[in-house]
Amino acid sequence: MVQSVHINIVILILGEDPSFGYYATAPMYDIAFERAARMYPSLFPNTTRHVLHQKNVRDCASAAANMVDVAGKMMDLVDRQEGLTILMSPGCSAEAMVLGDFARGFLDLYS
């Protein structure tokens, strides 16, 4: 018998930017996960979704500056989870680069 793995999805959203911010992207994730749950009903009982929202981030430059604080919050959250963790961000490229660094460091830490 195959044992299922728990999947933790961590969504990082910085600020309220009209293109990348919380109010623009959070509903998109809600709809996407509702559709995925209908398509893959056996997967979602083993899935937990977390949203890390950092307020008062105005633009990509301030998002990059806030990543140090957010990375600490991500580490606290991810370190307490078991199973597979997926990090997602609809934000600017500076946020994605930090997420890549975070994931690489996390792999080095636990491998």
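The values are calculated or read from the model by the stated rules, or taken from the named source; none is laboratory data. These figures come from a predicted structure and were not determined experimentally. Cβ: placed from backbone, ideal geometry, glycine included. Neighbour counts: every protein chain shown. Heavy atoms of the whole protein, side chains included, go into the accessibility calculation; ligands, DNA and RNA do not. Shrake-Rupley method; radii C 1.70, N 1.55, O 1.52, S 1.80 Å.
Before moving on, here are some points about what is shown:
- Residues that are open to solvent by 40 Å² or more (accessible area, probe 1.4 Å) and not in a loop (DSSP other than H, G, I, E, B) within the stretch 9-30 comprise Tyr22, Tyr23, Ala24, Pro27, Met28, Asp30, listed in sequence order.
- Given (1) out of contact with any helix residue (DSSP H, G or I) (no Cβ under 7 Å at 6 or more places or on another chain); (2) of a type outside the set (Val, Ile, Thr); (3) without any contact (Cβ under 8 Å) to a residue 40 or more places away in the chain, number of the condition Ala64 does not satisfy: (1)
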